[in-house]
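These notes are about the structure you will find just below.
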Amino acid sequence: MGGNEVVFEVGPCNAAASRLVLALVGGEEAYRDKLDVSRAKARAEFAKAVAELLRIDAGPLIARCHAELPRLADEVDRAAAQQAAEQGSSEASASIAPPWPEPWPEAVTLCEALNETLAAIHRHVVLSKEAGIAVALWVGWSYAVDRGPTGPAGDIAPLLTIVSPVKRCGKTSLLSVLTHLCPRVVPASNIRPAALFRTIEAERPTLLIDEAETFLREDDELRGIVNAGHRRDLAYVVRCVEAERDFIPRKFSVWCPKVLAQMGTPAATIEDRSIIIRLQRKRRDEVVERLNAAAAERLRVTARRLMAAVTQEVRAGMYAAEPETPPVLNDRQADNWRSLLALADLAGAPWPAAARNAAIALSVADDPDAESIGILAIADSLAAFGSDDRLSPSELADRLAAMADRPWPKFSRGSPITPRKLANLLAPYALTARRTKTGRHYHRGDFETAFARYSDTPPETKRHCVTPEPNPLWDNDLRGDATKKQSVTENHCVTPQVQDWQGFTATGDAVTQENAPVERFEL
């Protein structure tokens, strides 16, 4: 048998740059191996193995392998490229993200659109009024944010992280609402790192990731990609991609709005980049509307109205703004809230005050060891003294827990702050209850000294606070009708930069006709 009786066949290249090469004799396979045909050494070793198997001279076979294998590989590659081009021209590749909503045909103000968004959220999910405000603003931001990989320097994309202690707390319901409210949503209950950055690069979606606790915490690479998308100028990962029989590094953008939903506490790096929405299981007497087809259509109407409200002027105003952030927020928390506060300022009253109260309530409650929460405890405790010179630990804790617009009513995992937790917050500032003949008491003078030392806020000022009673669209207690009643009380406040705000009253029902009224909130 001579070397000329051997016929070679070469397969397509795989990710490792190797190909399946066959040696045929009389139409039957005699030998096969995987090799990189661009390497002369690999071609020679393949020829020697065939020659040894067939017991023929290796010299002529080596020469044929050097001449024929690269040519056959080129022919295979050209045929594959032509086939891909033909398929691409006949079958347009479908996007996995839906198109942007069609804008509502009539003019819609940003305040109206946010009011309707807030009403829609509370219609389907039981959550606190502060959480509802944060979610509504984040939805509005998802329309306003520049999704391109290059854009305003220092731009921040806060994660919206929805957490619950156990199952059946409404995470999936809230995600379903967001699926209809946000633009270009791509939902995923599981995703791998390569799919994540390629999806973001190709689609620029609003990414909704459910069941994050099942895969995100243990996957360092995936968590690193999510973390990288927080700041626009650093929102890239680098991977090697194949190009002309070689691999070259390429940057992939991971910048887009992202929602994570999970049970339990998120990883520290995720939590630091997030606006945390904590859900609790609803009581039996709390009733929400089921998300059926008609309800989904109403949500899509709200999405269209958001699309009309978030104009280029709104986007430009959001990026040009330097909103005032509550001083009790740390730098990362202020970064997460800055764009949302700018959007609230553009919407107008009562959104600016509501947004800042929500930022304080959600942020400091999630950062119990931070300096900011300790200073806030000093400030609010000083206000709680009123005209009293001393208070017992339980009296002071009860007065703090009665401050509805502060984190104290839900500070201890949804329950009011306890005397022990208050003592732990105040201890680093040398504030302790002193023992007297009638028991242990905190003294007003000690708080005045600590406040003067640690806070930049001016001394105590008096103001009138309008405290809304429970409202079915705002509070966790969803019983009763939708009419808000107000009781005006006088209190003392040492943090005037956090304004009081009045709740809204829901009027009307959302409908799907373009020329019909939609649900609004009014002062």
Amide H contacts under 5 Å for LEU208, placed H, 5+ residues apart: VAL186, ALA188, VAL259
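LEU234 to MET263: FRET efficiency via 1/(1 + (r/R0)^6), r the Cβ-Cβ distance, R0 22 Å, to the nearest 0.05? Intermediate results must be reported in sequence, preceding the final value.
Details: r = 29 Å, r/R0 = 1.33.
The value I calculate is 0.15.
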Cβ-derived FRET efficiency at R0 41 Å, PHE247 paired with THR418, nearest 0.05: 0.10
Pairwise centroid distance, computed over Cα atoms, of region 94-111 with region 125-169, Å: 18 Å
Cβ-Cβ FRET estimate between GLN312 and LYS167, R0 fixed at 51 Å, reported to 0.05: 0.75
Net charge of Cβ neighbours under 12 Å - reference THR172; Lys, Arg +1; Asp, Glu -1: +1
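Where a number appears in this text, it was derived from the coordinates with a stated rule and is not lab data. What you see is a predicted model, and the numbers here were worked out from it, not measured in a lab. Glycine also receives a Cβ, built like all others from the backbone with ideal geometry; neighbour counts cover every protein chain displayed.
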